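J.: This structure is in structure tokens; I'll ask about it shortly.
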Amino acid sequence: AGYGNVSLALARLGICITDIVNCEEETLFAKKYIAEESLPLEWITGILETTDFGKRQFDVVIAGEVIEHVADPMSFLQKCCDLAKQAVIITTPFGSCDHGWLPNADWRNNCAHVRAFSRRSFEQLIGSLTGVKLAGEISKMLAITNYLRENVFCLCAKLVKTEVPKNVSTEVVASKLA
């Protein structure tokens, strides 16, 4: 959902972006803007976990409100970490909201979510990753979602590589689901 709004905004700032989406409709929508504005944005239709990047890595990997959609969040996040040269930024819905994203509610039928994370389960998942460490603390941020017309709190974590290469560019990969 969102049709690459974050990727488009970052590309408009001149940041080279590779965006992965699993929806052809979303890819076609974004390619229109890429062509019209000559943006430094590569759009790939696929799934992050199964996309072959060869030896390619990205300075930063952003997984914005994706992890709650994937069947195996550990594998997904480890792939994000493996692809990142410097850092991974992860957000996921959290907190009290009335649209069913919490356990003990009908959250499985909302937006193709397959799981919900508490702060503790999010911390445990991050703590089990290899090659990265949490930079600072997990923060709680307010995300205003246009498609639901309500405020949603998200957990946000920045993970940094334990060893950062010396020569890095300004390329970012953003992954999200339709």
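J.: Just subtract the alpha-carbon distance of residue 24 and residue 128 from 0.36 nm times their residue separation and send over the number in nm, one decimal.
T.: Length gained, residue 24 through residue 128: 34.1 nm.
J.: Taking 0.36 nm per residue of separation and subtracting the Cα-Cα distance, what length does fully extending residue 31 through residue 72 add?
T.: Length gained between residue 31 and residue 72: 11.8 nm.
J.: Short version: ³J(HN,Hα) in whole Hz for each residue of segment 4-13, in order, from phi by Karplus 6.51 cos²θ - 1.76 cosθ + 1.60 (θ = phi - 60°), x for Gly and Pro, what are they?
T.: So the J values, rounded to whole Hz, are x, 4, 5, 4, 4, 5, 5, 5, 5, 8.
J.: What's the Kirkwood radius of segment 1-50 in Å, using all Cα pairs? Display every interim value, and only then the final one.
T.: Working: mean 1/r = 0.0929 Å⁻¹.
Computed over segment 1-50, the radius equals 10.8 Å.
J.: Taking only the alpha-carbon atoms of segment 25-99, what semi-axes of the equivalent ellipsoid follow from 5 times the gyration tensor eigenvalues under a square root, in whole Å, largest first?
T.: 23, 19, 12
J.: Follow-up question, since we're still on this one. Using the beta-carbon distance between residue 119 and residue 53 and R0 = 25 Å, what value does 1/(1 + (r/R0)^6) give for FRET efficiency, to the nearest 0.05?
T.: The pair residue 119/residue 53 has a calculated efficiency of 0.20.
Just so you know, all these numbers are worked out from the coordinates, no wet-lab data involved. Predicted model only: the values in this text are computed from it and were never measured. As a convention, Cβ positions derive from the backbone with ideal geometry for all residues, glycine included, and neighbour counts pool all protein chains shown.
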